[in-house]
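Written out below as structure tokens is the structure these notes cover.
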Amino acid sequence: MMTGDSDLMARIEALLATESYREHPLYPALEELHRRHQGQQRRLDRMLSIADGYQQFTHDEMRERQQQYERQLRRERKLSRISDRYQELMREHNRELHTASTHDPLTGLANRRKLTEQLGLATQRCRQEGRASCVAMLDVDHFKRINDRHGHAIGDRILAEMAAVMRRTLRVSDLCGRWGGEEFLLLLCDCTLDQARPLIERLLSQLRDLAVPADDVSVTVTVSAGIAEFQPAETELDTVNRADRALLQAKRDGRDRYRLAE
């Protein structure tokens, strides 16, 4: 109620409370009007109270819904982060599985499965595009003697160090892998026998300079190699077998050298 209305009602209540005005002809009408006004005021106050309560209820409900929304949004963000992390872990796991299935765990080079796959592709290119490629088989000379004298841990370290030398020496387009034991296979892409010879000579020289400390001595190695060029009429296994026979010939001729396959 406004201040002016309050003052008016106070004056009317004062008049109605005065005994001398009770006999006035307008007294009953004024009293009835005042009573009705009070009833309307009470109803209006109740409506305002209800409206205020509803407004407060609505405000509280909206605030609760806002809080629920924010909690739900935080949960969804958390789930999204968990999902992203899980997917990244799965991708990383798949990469590790793929690496484990295609690479040698000791040297980090391609394993026999990967080499066989790439040899097949190289054979197709040789036949379809006439692109020259060579296979080189490498074997560490007297590796069993090294293992027996210095232990398998030193032997494993030598193989790992050799792998590092091969990665540094070979071209980016070449593929180097561990064929098995102390034997390595090189796939030299876009390379003829004449082009392969200086590459293998440089690699054998680099491997001769390799020295792995073992106790109070440094262990050095030499490597024998056989090289064969892909022929359109043969399979990749035929080429590998010719390179392997050339490797055996290098061993017979005194080791620490390479031979070319016929």
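Extension gain, residue 173 to residue 220: 0.36 nm times the residue separation minus the Cα-Cα distance gives 14.1 nm. Helix 152-169 and the longest principal axis of the Cα set of the chain meet at an angle near 90°.
Using a Gaussian network for the chain with springs between C-alpha atoms less than 10 Å apart, which of these wobbles most: 68, 206, 38? Taking springs between Cα atoms under 10 Å, the residue moving most is 38.
The helix-only estimate of mean residue ellipticity at 222 nm for the chain, built from DSSP H runs of length n ≥ 4 each weighted as -39500 (n - 2.57), is -22500 deg cm²/dmol after division by the residue total.
Under 5 Å from the amide H of residue 141 lie the amide H atoms of 222, 223, 224, each residue being 5 or more positions distant or on a separate chain, with H modelled from the backbone and absent for Pro and chain starts. Nonpolar atom fraction for the chain, defined as the carbon and sulfur part of the 1.4 Å probe accessible area, stands at 51 percent. Taking Cα atoms only, the orientation of helix 112-129 departs from the longest principal axis of the chain by about 80 degrees.
Of the trypsin sites (Lys or Arg not before Pro) in segment 161-224, the ones in a loop by DSSP (not H, G, I, E or B) with at most 11 other beta carbons within 10 Å are 171.
In order along segment 182-191, phi translates into HN-Hα couplings of 9, 9, 10, 10, 10, 10, 9, 7, 6, 8 Hz, rounded to whole numbers, per the Karplus curve 6.51 cos²θ - 1.76 cosθ + 1.60 with θ = phi - 60° and x for Gly and Pro.
Normalised size of segment 199-262, defined as Cα radius of gyration per 2.2 N^0.38 Å with N residues, equals 1.37.
Between residue 128 and residue 86, residue separation times 0.36 nm minus the direct Cα-Cα distance comes to 10.8 nm.
With Cα atoms as the point set, the radius of gyration and Dmax of segment 37-184 evaluate to 36.3, 119 Å.
Which of the three applies to segment 1-120, rounded, prolate or oblate, going by the alpha-carbon gyration tensor with a ≥ b ≥ c and a/c under 1.5 meaning rounded? Since a/c reaches 1.5 and a/b is larger than b/c, the shape of segment 1-120 is classed as prolate.
Surface exposure of the chain, expressed per residue as accessible area with a 1.4 Å probe, stands at 65 Å².
Placing unit charges on the Cβ atoms of the charged side chains and taking the dipole of segment 57-153 about its Cα centre, the candidate lying farthest along the positive direction among 80, 67, 128 is 128. With semi-axes defined as the square roots of five times the eigenvalues of the C-alpha gyration tensor, the equivalent ellipsoid of segment 174-228 measures 26, 13, 8 Å, largest first. Counting only alpha carbon atoms, the long axis of helix 27-102 and the longest principal axis of the chain meet at about 0°. From the gyration tensor of the Cα coordinates in segment 31-102, what semi-axes in whole Å does the equivalent ellipsoid have, largest first, with each one equal to sqrt(5λ)? Three semi-axes, in Å: 68, 5, 4.
Of all aspartates and glutamates in the structure, the ones whose alpha carbon falls short of 16 Å from that of residue 144, not counting any fewer than 8 places away in one chain, are 156, 182, 183, 256. If you filter segment 74-166 for trypsin sites (Lys or Arg not before Pro), then keep DSSP loop positions with at most 15 other Cβ within 10 Å, what is left? Within segment 74-166, the qualifying trypsin sites (Lys or Arg not before Pro) (loop, at most 15 other Cβ atoms within 10 Å) are 131. Taking label points 7 Å from Cα along the Cα-to-Cβ direction, residue 112 and residue 6 give a separation of 10.2 nm. Under the criterion of Cα pairs below 8 Å and six or more residues apart, the relative contact order for segment 80-166 equals 28 percent. When the Gaussian network model of the chain links Cα atoms closer than 10 Å, the mean-square fluctuations of 50, 146, 12 top out at 12. Between segment 23-88 and segment 244-262, what is the C-alpha centre distance in whole Å? Cα centroid of segment 23-88 versus Cα centroid of segment 244-262: 96 Å apart.
Hey, in the GNM for the chain with a 10 angstrom Cα cutoff, which one of 37, 142, 103 fluctuates hardest? The residue with the greatest mean-square fluctuation here is 37. Each Cα pair of the chain feeds into the Kirkwood radius, which the Stokes-Einstein equation turns, at 20 °C and 1.002 mPa s, into a diffusion coefficient of 82 µm²/s.
The values are calculated or read from the model by the stated rules, or taken from the named source; none is laboratory data. Everything numeric in this text was worked out from a predicted model, so none of it was measured. Note: ideal-geometry Cβ built from the backbone for every residue, glycine included; neighbour counts use all protein chains shown. Note: accessible area is taken over every heavy atom of the protein model, side chains too, but ligands, DNA and RNA are not part of it. Shrake-Rupley method; radii C 1.70, N 1.55, O 1.52, S 1.80 Å.
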